[in-house]
């Protein structure tokens with residue numbers, strides 16, 4: 001930084017300027033200050049998530065039941081595995097980043113290039129995994145019925161596995177057949193151009209009710225978490241009652257409005273927080289690519305220091321740091 | 001830029017020979033912590049699914065005790081373990097990957113205490129209010145089981 005900063009002060013005079021009490025360059029310090037403010041933004045989001053969760057403490061979805069998918073292992077329930085893999089990828093790319101910074105201190109250009117390259121690959125894998133996670137979450141798996149009060153009713157049946165009675169979820173499609181309906185989706189082109197509606201649900205509540213009545217083994221599970229920390233399963237009579245009296249529409253998957261796993265707020269916060277974090281990762285990858293090419297064309301070699309790599313490194317580690325917290329509060333706690 | 005790195009972690013219990021070695025050592029530590037979290041998260045031992053202490057009963061002293069030990073009284077042990085492990089991970093990422101260990105004491109305090117103070121305040125106030133609204137929903141006249 002000596003080439004860009006002119007030292008005007010003298011060493012004897014404290015107030016003469018040119019002091020660096022924190023012994024850190026301007027750019028690095030500003031990166032730290034940015035990180036502090038960004039950390040406060042993220043903690044604001046996570047605290048808001050905590051607020052909403054405390055508000056619905058007995059009704060909140062259980063993350064282990066939501067994020068059970070792993071690519072290429074279709075139909076298996078493997079909670080946490082994929083997100084643990086994502087966490088590991090991000091920590092790993094943090095390691096290659098810090099190795100790049102270290103190589104930069106030793107002015108080893110080729111090593112910096114390779115470590116930066118691995119960091120970028122790690123970041124890309126992470127962003128891709130997050131996109132896949134989103135797609136799976138949006139698509140949903142079992143489907144559910146939303147009640148008039150906005151609660152979610154899910155379906156399942158008791159199965160005996162290894163001599164133990166376990167409640168296993170059943171997809172609505174497996175016991176319901178769509179009846180013929182004259183209800184047509186209203187599109188903008190068939191009427192008022194400014195009035196439209198989104199795609200109609202695959203089943204009506206009546207279809208689901210008929211399906212439920214003709215399959216005596218299927219029970220309804222509510223959102224309420226009981227004393228064992230599990231969702232409450234209703235009796236057969238109560239199941240039919242709930243669907244008949246309170247059922248409003250069939251939902252599958254999650255979006256900003258409904259969420260087949262439980263409270264819509266869960267989906268909203270999931271999209272918002274992981275989305276905001278994913279955006280950080282994405283911009284981190286872009287900045288890393290820029291610095292990567294700068295290293296290749298030898299900008300920092302000529303500048304005789306690799307502090308720029310250190311600065312983007314700080315940002316990259318911060319993204320990893322945030323993920324550690326998102327991982328805990330979204331998937332573990 | 002060839003400044004010296006501090007190479008010991010655990011208050012000098014483990015001392016690495018070079019900075020590169022320290023990075024791999026910290027990676028190992030972080031991986032082990034993540035592995036513990038994932039295993040605990042999948043198996044959820046029943047013993048850890050309840051808070052480790054019961055609330056104190058009685059006067060002002062009990063109230064004070066409940067506040068001081070609130071983490072043990074109102075949080076499931078498992079969740080408390082997760083939060084503590086997360087903070088441990090955050091510490092090593094900041095200290096060794098972001099080189100906070102090598103910065104001056106004043107820069108360290110500037111960054112760390114500011115965030116800790118503001119985040120604690122934010123978290124306290126939001127969780128407190130979330131609990132209050134929950135109590136209004138539960139004990140008030142808000143119907144939501146329909």
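Computed from the coordinates by the stated procedures, all read-outs in this text should not be read as laboratory data. The model shown is predicted, which means the values in this text are computed figures rather than measured ones. Don't worry about glycine lacking a Cβ; one is built from the backbone with ideal geometry, like all the others, and counts go over all protein chains shown.
Ordering A:323, B:113, A:316, A:60 by the number of other Cβ atoms within 10 Å of each residue's own Cβ, fewest first, gives B:113, A:60, A:323, A:316.
Between residue B:52 and residue B:116, what is the FRET efficiency for a Förster distance of 30 Å, r being their Cβ-Cβ separation, to the nearest 0.05?
Numbers: r = 24 Å, r/R0 = 0.81.
It comes out at approximately 0.80.
With the gyration tensor restricted to C-alpha atoms of segment A:137-187, the semi-axes of the equivalent ellipsoid amount to 29, 14, 11 Å, longest first. Applying 1/(1 + (r/R0)^6) with R0 = 25 Å to the Cβ-Cβ distance of residue A:217 and residue A:77 gives a FRET efficiency near 0.80.
The modelled label-to-label distance between residue A:282 and residue A:185, using points 7 Å beyond Cα along the C-beta direction, is 2.5 nm.
Given a Förster radius of 45 Å and the C-beta distance between residue B:43 and residue B:20 as r, what FRET efficiency does 1/(1 + (r/R0)^6) yield to the nearest 0.05? About 0.80, to the nearest 0.05.
The distance between label points at residue A:303 and residue A:178 comes to 5.8 nm (points 7 Å beyond Cα on the Cα→Cβ vector). Centroid-to-centroid, using Cα positions, segment A:100-140 and segment A:158-205 are 39 Å apart. Using a Gaussian network model of chain A in which every pair of alpha carbons under 10 angstrom is joined by a spring, one finds that among A:82, A:306, A:158 the greatest mean-square fluctuation is at A:158. Largest GNM mean-square fluctuation across A:247, A:313, A:191, computed for chain A with C-alpha springs under 10 Å, falls on A:191.
The angle separating the long axis of helix B:105-139 from the principal Cα axis of greatest extent in chain B is about 20 degrees.
How many angstrom lie between the C-alpha centres of segment B:23-102 and segment A:257-300? Using only Cα atoms, the two centres lie 27 Å from each other. Going from the fewest other Cβ atoms within 10 Å to the most, the residues B:89, A:231, B:105 appear in the order B:105, A:231, B:89.
Assuming 1.306 mPa s and 10 °C, estimate D for chain A with Stokes-Einstein, Rh taken as the Kirkwood radius over Cα pairs, in µm²/s.
My calculation gives 67 µm²/s for D.
Listing A:15, A:193 from fewest to most neighbouring C-beta atoms within 10 Å gives A:15, A:193. All C-alpha to C-alpha distances of segment B:1-102, sorted into 5 Å bins beginning at zero, yield P(r) values of 2, 11, 16, 15, 12, 11, 11, 9, 6, 3, 1, 0, 0 percent in whole numbers. Using only alpha carbons, segment B:105-146 has a radius of gyration to Kirkwood radius ratio (Rg to Rh) of 1.39. All C-alpha pair distances within segment A:182-333, sorted into 5 Å bins from zero, spread as 2, 7, 10, 11, 11, 10, 10, 9, 8, 7, 5, 4, 3, 2, 1, 0 percent across the bins.
Of the residues A:63, A:178, A:254, the one that moves most in a GNM of chain A with alpha-carbon contacts below 10 Å is A:178. When only Cα pairs below 8 angstrom with a gap of at least 6 residues are kept, segment B:1-102 shows a relative contact order of 28 percent. Enter the angle in degrees (range 0 to 90, nearest 10) between the Cα long axis of helix A:109-139 and the first principal axis of the Cα atoms of chain A, meaning the one along which they spread out most. Tilt relative to chain A: about 20 degrees.
Working from Cα pairs under 8 Å separated by at least six residues, relative contact order for chain A is 23 percent. On a 0 to 90 degree scale, rounded to 10, what angle separates helix A:275-296 from the longest Cα axis of chain A? In chain A, helix A:275-296 runs at an angle near 30 degrees to the longest axis.
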